[in-house]
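*Asks:* Before anything else, here's the structure in question.
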Amino acid sequence: MKIAFVGKGGSGKTTLSSLFIRQLAATGAPVVAVDADINQHLGAALGLDEAKAAALPAMGERLPLIKDWLRGSNPRIASAKTMIKTTPPGEGSRLLRVSERNPVYDACARPVELDGGAVRLMVTGPFTGSDLGVACYHSKTGAVELFLNHLVDGPDEYVVVDMTAGSDSFASGMFTRFDITFLVAEPTRKGVSVYRQYKEYARDFGVVLKVVGNKVQGQDDLDFLRAEVGDDLLVTVGHSDWVRAMEKGRPPRFELLEDANRLALRRLHTAVDATYELRDWERYTSQMVHFHLKNALSWGNERTGADLAAQIDPGFVLGESLTALAEGNSRLTPTA
């Protein structure tokens, strides 16, 4: 199951995503956590010190390796250099599983030990001074989009992505790559402004959007959120001494998180699992193709010097019935 946490800067989305990752890990489920925010804070929120968080390998810096491995023997992709962030898989492409070992995880993922278990953590890498004027942040998050486009995941395994603030993910099709999107909103006018943008942009793409009210201090705050977002409000979270200790670098055992907040996280977990029955792999694949064509026409063809529409395999549908053979063999075959 693929889950996104979004919201305006300072809404608490990284804190909430890290708590949800801990909730999933505590159940023993396999989890891949991805920091796709321009401000890289998820590692610290999961308990890494500054040095270890800064030493995490950046997906954006390993994009050539990611492209080359995912391309496999796909005859429609002439070279890894012609792959862009929206390039869809086809016959011959290598697919990714949540729990497997592969060169992408070896290069980009690192284990993070939590008191309830361990998760794989991947980061896009920060936007640095050397990027100014020569690169946009989408060149880094493009690695995440390629990862999601080639990911085959099932129930009871989870990929949690802490997205960049605001509505930036609408610059590509990445907002359609998730089973459910949790929008973290404070009970203020600015806090719900990103919700309105997401709701409007995602309206025609079947995006499951639920609001998590954060920093809710009383009935007035609750009433405000209900009036602004209606039935999309799933749960609210208030003050947490546990979170305050975590932000000071001294997180208590996760089992000591306040009961009300543990209940809120369980409700998020239930909401995620309920979306499994809504999965439509044909729609998921067609949306991938839709945004690839848009990006190809707007900039990709000119950038690569290739007709990127030719990368689309018209008979290919991503889904759980596909699995990669042994490492090094890029052919795809149906499971029994």
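*Asks:* Could you tell me the relative contact order of the chain? Use alpha-carbon pairs under 8 Å, at least six residues apart, and round to a whole percent.
*Replies:* Reported relative contact order: 26 percent.
*Asks:* Separate question: Note down the net charge around residue 97, summing +1 for each Lys or Arg and -1 for each Asp or Glu among other residues with Cβ under 11 Å from its Cβ.
*Replies:* So the environment of residue 97 carries a net charge of -2.
*Asks:* Further question on the same structure: Order 228-236, 38-46 from most to least packed using the mean count of other Cβ atoms within 10 Å.
*Replies:* 38-46, 228-236
*Asks:* Once every DSSP H run of n ≥ 4 in the chain is given -39500 (n - 2.57) and the sum is divided by its residues, what mean residue ellipticity at 222 nm do you get, rounded to the nearest 500 deg cm²/dmol?
*Replies:* -10000 deg cm²/dmol
*Asks:* Rounded to a whole number, what is D in µm²/s for region 1-96 from Stokes-Einstein with the Kirkwood radius over alpha-carbon pairs (37 °C, 0.692 mPa s)?
*Replies:* 208
*Asks:* Among 286-299, 308-321, how do they line up from the highest to the lowest mean number of other beta-carbon atoms within 10 Å?
*Replies:* Sorting 286-299, 308-321 by mean packing, highest first, produces 286-299, 308-321.
*Asks:* How much of the DSSP bridge set in the chain is antiparallel, in percent, rounded to the nearest 5?
*Replies:* 20
*Asks:* Ranked highest first by the average count of other Cβ atoms within 10 Å around their residues, in what order do 144-156, 101-113 fall?
*Replies:* 144-156, 101-113
*Asks:* Near residue 273, within a Cβ-to-Cβ distance under 15 Å, what is the net charge of the other residues, with Lys and Arg +1 and Asp and Glu -1?
*Replies:* Net charge in that neighbourhood comes out at 0.
*Asks:* Please report the net charge: other residues with Cβ closer than 11 Å to the Cβ of residue 115, K and R +1, D and E -1.
*Replies:* Net charge in that neighbourhood comes out at 0.
*Asks:* List the lysines whose alpha-carbon lies under 22 Å from that of residue 199, not counting same-chain residues fewer than 8 positions away?
*Replies:* Within the straight-line cut-off, residue 199 pairs with 2, 8, 13, 190, 210, 215, 294.
*Asks:* Relative contact order, percent, of region 34-104 when contacts are C-alpha pairs under 8 Å separated by at least 6 residues?
*Replies:* Reported relative contact order: 24 percent.
*Asks:* 7 Å from Cα along Cα→Cβ at both residue 200 and residue 68: what's the point-to-point distance in nm?
*Replies:* 4.4
*Asks:* Same structure, new question: Could you give the accessible area per residue of the chain, probe 1.4 Å, as a whole number in Å²?
*Replies:* Heavy-atom SASA per residue in the chain reads 44 Å².
*Asks:* Give the long-range amide H neighbours of residue 184: residues separated by 5 or more places, or on another chain, with amide H under 5 Å away, using H modelled in the peptide plane at 1.01 Å from N.
*Replies:* Excluding prolines and chain starts, which carry no amide H, the hits are 6, 7, 212.
*Asks:* If you roll a 1.4 Å probe over region 227-300 with all protein chains in place, what percent of the accessible area is carbon or sulfur?
*Replies:* 51
*Asks:* To the nearest 0.05, how large is the calculated FRET efficiency for residue 55 and residue 266 if R₀ is 56 Å and r is the Cβ-Cβ distance?
*Replies:* It comes out at approximately 0.95.
*Asks:* Calculate the FRET efficiency for residue 110 and residue 245 from the Cβ-Cβ distance with a Förster distance of 22 Å, rounded to the nearest 0.05.
*Replies:* According to the calculation, E is roughly 0.35.
The values are calculated or read from the model by the stated rules, or taken from the named source; none is laboratory data. Just so it is clear, the structure is predicted and the values come from calculations on it, not from any experiment. Note that we place each Cβ from the backbone using ideal geometry, even for glycine, and neighbour counts take in every protein chain shown. For accessibility, only protein heavy atoms count, side chains too; no ligands or nucleic acids. Shrake-Rupley method; radii C 1.70, N 1.55, O 1.52, S 1.80 Å.
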